[in-house]
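Since the structure comes first, as structure tokens, the remarks are kept for the end.
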Amino acid sequence: MRIIVFFFTPILLLFLTGCIATKVVTIPMRVAGEVVGFVPVVGGVAEVVVDTTAGAIDLVPL
């Protein structure tokens, strides 16, 4: 089992570059922002903050 992990981890890291790496982080953030957006008063503000932060992370050049 360790051989498989040792072999496939570098290959996985090669494919997790740039856009894919930031999407792994930002997609759960955007989903959480949409869920929080249903809260009546603070939901809209929190959703905008999370969406703005996710947009900034998407712009990071990896």
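Throughout, read-outs are computed from the coordinates displayed, never taken from laboratory work. Worth saying up front: this structure is predicted, and the values here are computed from it rather than measured.
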Seminar exercise, completed: Length gained if residue 35 through residue 58 is fully extended, taking 0.36 nm per residue and subtracting the Cα-Cα distance, is 6.3 nm
Exercise. Between residue 42 and residue 3, what length comes free when the chain is fully extended (0.36 nm per residue of separation minus the Cα-Cα distance, one decimal in nm)?
Worked result: 9.2 nm
Exercise. With a ≥ b ≥ c the root eigenvalues of the C-alpha gyration tensor of the range 18-62, is it rounded (a/c under 1.5), prolate (a/b larger than b/c) or oblate?
Worked result: oblate
